[in-house]
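In what follows, a single structure is set out as structure tokens and then discussed.
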Amino acid sequence: MNTKLIIVADLGLLRAYRQTQSAADRQPHLKLIAELKPATAHESDQCRLVQDHDRVLEMRDVAERASTPLRRWEDALDMPVALFILPMFALTNAGVVFSFSSVLDSLQHPTGLGIITGLVLGKFIGISGACWLGLRYNIGRLPDGVNIHHVIGASLIAGIGFTMSTFIATLGFDGQPDHLHNAKTSILVASVLSAFLGVLYIWIIASKSQNK
């Protein structure tokens, strides 16, 4: 097993080891650390990697049980807050009235079409185009393991912009409630469309890479 992984695992168990009181409670921690050894000549790397991964997961569980209840609640609520509460707060605070008719109105209104085009196509053309020009004229290079397809997928996802876009629309259409309503609805539509196109593109690229 990689020495760095052993060090990380040891550090992950350090807090759990120090917070346990009795010697009997410390034995499982010491046993888990002792079982993290480099693979021998008789063991395959893949087999050892799976075993080490299971050991690290056990260590994570032990360290979490040794933490405070408040910390465990914070970790448990992290995902629901990020995926549900914050988006609901943003939608409610922005005052977006979402309905099928409002979506159609935004698609037919010049303001809505401009916003959707700017967020979806503008981000895609700007980010991908600038990156391609930088690679074409040797201004820079991509990190190892990253290619232009990854940049295209990220540029599509970059069209997701709700909070700042709504703030700019509020400033730009102050005193124009009809335009502001179309702008907010268009921003929501563009964000959903950008997320769908970005995830779909990355999924297609990942599927092609696995089939090679």
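The values are calculated or read from the model by the stated rules, or taken from the named source; none is laboratory data. Source: prediction; values computed, not measured. No Cβ is skipped: glycine too gets one built from the backbone with ideal geometry, and neighbour counts run over all protein chains shown.
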Selection from region 181-212 of residues that are in contact with a helix residue (DSSP H, G or I) (Cβ under 7 Å, 6 or more places away or on another chain), farther than 14 Å from ILE116 by Cα and of a type in the set (A, V, I, L, M): ILE202, ILE205
If the requirement is being in the same structural domain as ASP178 (by TED's automatic domain parsing), out of contact with any Pro (no Cβ under 8 Å at 6 or more places or on another chain) and within 26 Å of PHE196 (Cα to Cα), which of these qualifies: GLY126, GLY140? GLY126
With the requirement that a residue be outside any helix (DSSP H, G or I), of a type outside the set (A, V, I, L, M, F, W, C) and surrounded by 12 or more Cβ atoms within 10 Å (Cβ to Cβ), what does region 57-114 give you? SER67, HIS109
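Results for (1) in a loop (DSSP other than H, G, I, E, B); (2) modelled with pLDDT under 90, shown as yes or no for each residue.
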site	(1), (2)
ILE125	no, no
LEU135	no, no
GLY145	yes, yes
GLY153	no, no
THR166	no, yes
Cβ pairs under 9 Å, 6+ apart, first in region 103-129 and within 13 Å of LEU188 (Cα to Cα), second of a type in the set (D, E, K, R): SER106/LYS184; GLY112/ASP105
Hits in region 192-212 (condition: more than 16 Å from ILE127 (Cβ to Cβ) and hydroxyl-bearing (Ser, Thr, Tyr)): SER207, SER209
What's the number of the condition ASP178 fails, among (1) surrounded by fewer than 12 Cβ atoms within 10 Å (Cβ to Cβ); (2) within 17 Å of VAL103 (Cβ to Cβ); (3) touching a helix residue (DSSP H, G or I) at 6+ places or on another chain (Cβ under 6 Å)? (3)
Looking at the structure I just gave you, is THR170 assigned to a helix (DSSP H, G or I) and surrounded by fewer than 16 Cβ atoms within 10 Å (Cβ to Cβ)? yes
Mind listing just one residue for me: the one in region 161-177 that is touching a residue at least 40 places away in the same chain (Cβ under 8 Å) and within 25 Å of the chain's Cα centre (by Cα) and, of those, farthest from PRO110 (Cα to Cα)? THR163
